[in-house]
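One structure is given here, and the rest of the page talks about it.
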Amino acid sequence: MVILRPVGTTGNRLKYLRKIRGLTRKEAAVKLDMKEERLQDLETGRKGLTLGEAIKYADIYNVSLEYIAGRKKVEY
């Protein structure tokens, strides 16, 4: 069981999810079917996350949308 801790902003949570799985931005972008630049914009908070992107993150990283959105502080 992996316990995901709260890590502040949505961008920080996205980066945290990628890093705890040992993925580079390039590898994560391929899994998420998005450009690496878009992934960087999301992780740094320069751009907002769409609902479709949030669903992709939740599916690929096996977390809830509530965790992605910051409504759930800890994910088991």
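Specify the residue with the greatest mean-square fluctuation among Arg38, Arg18, Arg46, computed from a Gaussian network of the chain linking alpha-carbon atoms under 10 Å apart. Most flexible of the set in this elastic network: Arg46. Dipole size of the chain about its Cα centre, with +1 on Lys/Arg Cβ and -1 on Asp/Glu Cβ: approximately 240 debye, rounded to the nearest 20.
Summing -39500 (n - 2.57) over the DSSP H runs of n ≥ 4 in the chain and dividing by its residue number, what mean residue ellipticity at 222 nm do you reach, to the nearest 500 deg cm²/dmol? Provide the component values of the computation, followed by the final result.
Details: 5 runs with 44 residues, N = 76.
Dividing the helical sum by the residues of the chain leaves -16000 deg cm²/dmol.
Give, in nm to one decimal, the length gained when the segment between Thr44 and Arg71 is fully stretched (0.36 nm per residue of separation minus the Cα-Cα distance).
Numbers: separation 27, 0.36 × 27 = 9.72 nm, distance 1.93 nm.
Contour length minus the Cα-Cα distance gives 7.8 nm.
We did not get these values from a lab; they are worked out from the coordinates using the rules stated. These numbers come from a predicted model, not from an experiment. Note that we place each Cβ from the backbone using ideal geometry, even for glycine, and neighbour counts take in every protein chain shown.
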